[in-house]
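What follows is a single structure, written as structure tokens, with notes after it.
The values are calculated or read from the model by the stated rules, or taken from the named source; none is laboratory data. Note that the structure is a prediction, hence the values are computed from the model and not measured. Ideal geometry is used to build each Cβ from the backbone, glycine not excepted, and the neighbour counts take in all protein chains shown.
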Amino acid sequence: MRKVDYTLYMVTDRTLMRTKTLEACIEQALCGGVTLVQLREKHLETDAFISLGKRVKSLCDTYNVPLVINDRLDVAIGVNACGVHIGQDDMSASVARAMLGPQRLLGVSVTSVAQAIRAQADGADYLGVGAMFVTQTKQDASYVSLQTLAAIRKAVNLPIVTIGGMNKETIPLCEPYCMQGFAVVSALVNQPDVYRAAKELRQYAAKYSFPSEKRILSWPRAQTPSAVPIQPAGW
């Protein structure tokens with residue numbers, strides 16, 4: 001499997017976007033510097049999802065950025081996407097890995113150390129941890145503390161991206177825990193200038209992330225801190 005840059009991970013949400021089309025939103029973000037795109041569509045029929053996915057993949061290929069599909073392994077295969085991202089309520093990571101084969105990317109959302117360890121054992125390539133902070137995109141999200149984030153970092157040897165309320169204010173709070181990237185939704189798609197938002201967020205994400213090529217068992221800062229950063233209001 002090719003090396004993946006998780007630094008600025010865009011997750012789409014057409015209900016929040018201000019552009020006329022989803023493709024326009026994604027292309028502006030690609031121009032601004034996103035390094036990975038996850039296409040998330042909860043309500044599209046399979047054929048429409050695959051058709052959209054092929055158009056988005058063509059855009060991503062133009063910028064040499066991998067595309068993963070949220071939840072729908074059948075769509076990921078139909079689109080010939082780089083991979084799929086699944087949650088705890090979807091199929092198990094072991095089944096997804098068996099169906100995907102060894103070459104495609106498999107991401108798994110986790111909220112606990114036990115889930116993280118299981119995902120790694122089942123063949124996940126990276127973990128999405130969160131929701132970390134208050135988010136517009138999932139009103140029923142389970143929140144993960146910074147202490148739990150630190151414990152997950154110590155427990156697994158996989159790239160980790162944080163998700164949930166990630167923006168210029170919250171990305172720096174995750175820096176001590178050696179994240180490989182940050183998954184961003186509303187701070188990209190809900191902005192009047194997606195290109196500018198992506199460009200600014202890429203700078204923050206690059207500054208506060210820890211490159212995945214250094215993923216040895218000993219991330220130097222991956223330890224539970226004695227003093228946890230103050231959590232933003234609404235945590």
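Structure summary
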{"read-out": "Qualifying residue in the stretch 70-78 (condition: among the basic types (Lys, Arg) and either loosely packed, with under 15 Cβ neighbours inside 10 Å or touching a strand residue (DSSP E or B) at 6+ places or on another chain (Cβ under 6 Å) (or both))", "value": "no"}
{"read-out": "Residue count, the stretch 13-29 (criterion: buried (at least 19 other Cβ atoms within 10 Å of the Cβ) and in contact (Cβ under 8 Å) with a residue 60 or more places away in the chain)", "value": "5"}
{"read-out": "Pair list, Cβ under 8 Å, 6 or more apart: the stretch 190-204 residue of a type in the set (Phe, Trp, Tyr), other residue in a loop (DSSP other than H, G, I, E, B)", "value": "Tyr204/Lys168"}
{"read-out": "Which numbered condition Gln103 fails, given (1) part of a helix (DSSP H, G or I); (2) in contact (Cβ under 8 Å) with a residue 12 or more places away in the chain; (3) over 21 Å from Leu8 (Cβ atoms)", "value": "(1)"}
{"read-out": "Failed item, numbered, when Ala114 is tested on (1) outside any strand (DSSP E or B); (2) closer than 25 Å to Val194 by Cα; (3) free of Cβ contacts under 8 Å to residues at least 24 places away in the same chain", "value": "(2)"}
{"read-out": "Qualifying residue in the stretch 129-144 (condition: modelled with pLDDT of 95 or more, within 23 Å of Phe210 (Cα to Cα) and outside any loop (DSSP other than H, G, I, E, B))", "value": "yes"}
{"read-out": "When residues of the stretch 33-57 are limited to those that are among the β-branched types (Val, Ile, Thr) and in a loop (DSSP other than H, G, I, E, B), the one surrounded by the most Cβ atoms within 10 Å (Cβ to Cβ)", "value": "Val34"}
